[in-house]
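Structure, as structure tokens:
The values are calculated or read from the model by the stated rules, or taken from the named source; none is laboratory data. Model, not experiment: these values are computed from the prediction. Here Cβ is always computed from backbone atoms with ideal geometry, including for glycine, and neighbour counts include all displayed protein chains.
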Amino acid sequence: MSRLIVVSNRVTAPTNQPAGGQGGLSVALAEALREYGGIWFGWSGERTLEFTGHIDMQRTGGITTATIDLEEQDVEEYYNGYANKTLWPLFHYRIDLTEYDRNFDAGYARVNQRFADTLVPIIEPDDIIWVHDYHLIPLAGELRKRGVTNRIGFFLHIPWPPSRLLATLPRHEALVETLFDYDLVGFQTTEWRESFRDHLLRETDAVEGEGGSITAFGKTIATGAFPIGIDAQSFMEAADSPEALVIRKRMAESINGRQMIVGVDRLDYSKGLEERFLGYERFLADNPERSEEVFLLQVAPPTRGDIGSYQEIRSKLDTLSGRINGAYAEFDWVPIRYVNRGYPRHELAAIYRTARIGLVTPLRDGMNLVAKEYVAAQDPANPGVLILSRFAGASLQLTDALLINPYSQEEIADAIKQGLDMPLPERKRRWEAMIDGVVNDDVVKWRTDFVEALEAVPERID
Ligand code: GDG
């Protein structure tokens, strides 16, 4: 049987602690890696003065991780630069925030070469390699240059942008072409896959074949949509765990009979937090007689704090939450509880369970796992209401949520009102229509479907 090698920017292997703050992704990948006797390869998160190429191999939580340190300049140009100042905003349709800088290109290419140089000696002939996300698009090309003929798959966790936006990226042709060094390129939804295909049909002489295959640049690759899911079972159990019950009791006391609306997001401009606060303010302004019945708990742990656009959104939200609270609060009530830190997963599950409304309003999102976690954490006898942006990949699956356009404050405000007033039978009907998908299309199914599709790709002939 072949081994699986997973490659991602950061390695987030599960620890041995059972109640750790682990994400579903790392748990699901770790499980696959254990089954396949595989390795998880990536950046350690550590910075060194000079790149050494030393690989730190460890057995953690039953799997093998292989990590390398990067130079300060690598982190600046590759991670903070090309990945998060160029590709992330561009792929989330924010060309206003996209920085185009040749030094970033150089750093991105260099780090992908470094990944390839250090990975090649570890690869055995039968291994299959699964590369994750926008940080590592050129990795297959670099591996091919070094003679690697193994099967290599790529999964993009974020959207694929419209062709006209991608065309603003200098040397986008080379970035797209290098995806043809993979055997399989997977997207979260058919929408992003079609966007990729449309770009190829517009800009190249690509031909679409059977079952999602595309031929261009003299090579044929398989493509497909593989919607990522959550570890639903363990999330449902987390919401009912004794630790969660303690939190739920504490929350119930603090809520004091009010209805809670919850948002949980990394503090990222793609998540539509500003629009969410403004939409909620509109609800307060439109419904003064109701406003003290509710409050919004927004959990937003900061990320990518070295980057200017992240510092700006953080300071905007500080100002906005302060202004709204200043304008509407009473001596015994504040409309927004805004928290800039993360919670352990079981506490998060307890928070979702307690919230009458899950408010998920990204301006653009590859999938959005918070929406699925909110659904999984609900009490079947008394489920809450999910309000979900049409521009999240998850909206293609969670069609029984209240789907809104996050750019419209009115739509957010109206949906909040509708969610608060929604009778129990309708809440149950909508929740029941969503929960089966969340449970069945879980993170294990995503991983199995991808790996099976990669194994099924015919041998390359180039
Ligand atoms: C990218 C794509 C795609 C958040 N706050 C806390 C916390 N979280 C966890 C959530 C959820 C995860 O982080 C966030 O996942 P999302 O999917 O919502 O968004 P991104 O981080 O942008 O993820 C996205 C995803 O990749 C997977 O492919 O869905 O579209 O952008 O699991 O629960 N977890 C804990 N405490 C927090 O305070 N423990």
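Table for the structure above
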{"read-out": "Qualifying positions in region 57-73 - buried (at least 22 other Cβ atoms within 10 Å of the Cβ) and assigned to a helix (DSSP H, G or I)", "value": "none"}
{"read-out": "Residues (within 12 Å of the ligand (Cβ to nearest atom) and closer than 21 Å to ALA28 by Cα) located in region 373-388", "value": "GLU373, TYR374, ALA376, ALA377"}
{"read-out": "Among (1) within 11 Å of the ligand (Cβ to nearest atom); (2) closer than 29 Å to GLU312 by Cβ; (3) buried (at least 16 other Cβ atoms within 10 Å of the Cβ); (4) not charged (D, E, K, R) - the single one PRO301 does not satisfy", "value": "(3)"}
{"read-out": "Qualifying residue in region 357-372 (condition: touching a strand residue (DSSP E or B) at 6+ places or on another chain (Cβ under 8 Å), within 16 Å of the ligand (Cβ to nearest atom) and part of a helix (DSSP H, G or I))", "value": "yes"}
{"read-out": "Some residue of region 235-244 being more than 12 Å from the ligand (Cβ to nearest atom), under 21 Å from the mean Cα position of the chain (by Cα) and touching a residue at least 40 places away in the same chain (Cβ under 8 Å)", "value": "yes"}
{"read-out": "Among the candidates LEU284, LEU267, LEU278, residue that is within 16 Å of the ligand (Cβ to nearest atom), under 24 Å from THR354 (Cα atoms) and of a type outside the set (Asp, Glu)", "value": "LEU267"}
{"read-out": "One residue from THR361, THR399 being in contact with a Pro (Cβ under 8 Å, 6 or more places away or on another chain) and among the β-branched types (Val, Ile, Thr)", "value": "THR361"}
{"read-out": "Which listed residue, of LEU398, LEU386, is at pLDDT 95 or above, buried (at least 18 other Cβ atoms within 10 Å of the Cβ), among the hydrophobic types (A, V, I, L, M, F, W, C) and part of a strand (DSSP E or B)", "value": "LEU386"}
{"read-out": "Meets criteria (in a helix (DSSP H, G or I) and either in contact with a Gly (Cβ under 7 Å, 6 or more places away or on another chain) or more than 16 Å from the ligand (Cβ to nearest atom) (or both)) for ASP414", "value": "yes"}
{"read-out": "Residue list for region 83-120, filter: loosely packed, with under 15 Cβ neighbours inside 10 Å and either small (Gly, Ala, Ser) or touching a Leu at 6+ places or on another chain (Cβ under 9 Å) (or both)", "value": "VAL120"}
{"read-out": "Residue ID - nearest to the ligand (Cβ to nearest atom), chosen from residues in region 311-356 that are among the basic types (Lys, Arg) and surrounded by 14 or more Cβ atoms within 10 Å (Cβ to Cβ)", "value": "ARG345"}
{"read-out": "Restricting region 390-411 to residues that are under 24 Å from the mean Cα position of the chain (by Cα) and away from the ligand (no atom under 16 Å from the Cβ), the residue that is farthest from HIS157 (Cα to Cα)", "value": "SER408"}
{"read-out": "Any chance SER254 is hydroxyl-bearing (Ser, Thr, Tyr), surrounded by fewer than 22 Cβ atoms within 10 Å (Cβ to Cβ) and over 22 Å from ASN368 (Cβ atoms)", "value": "yes"}
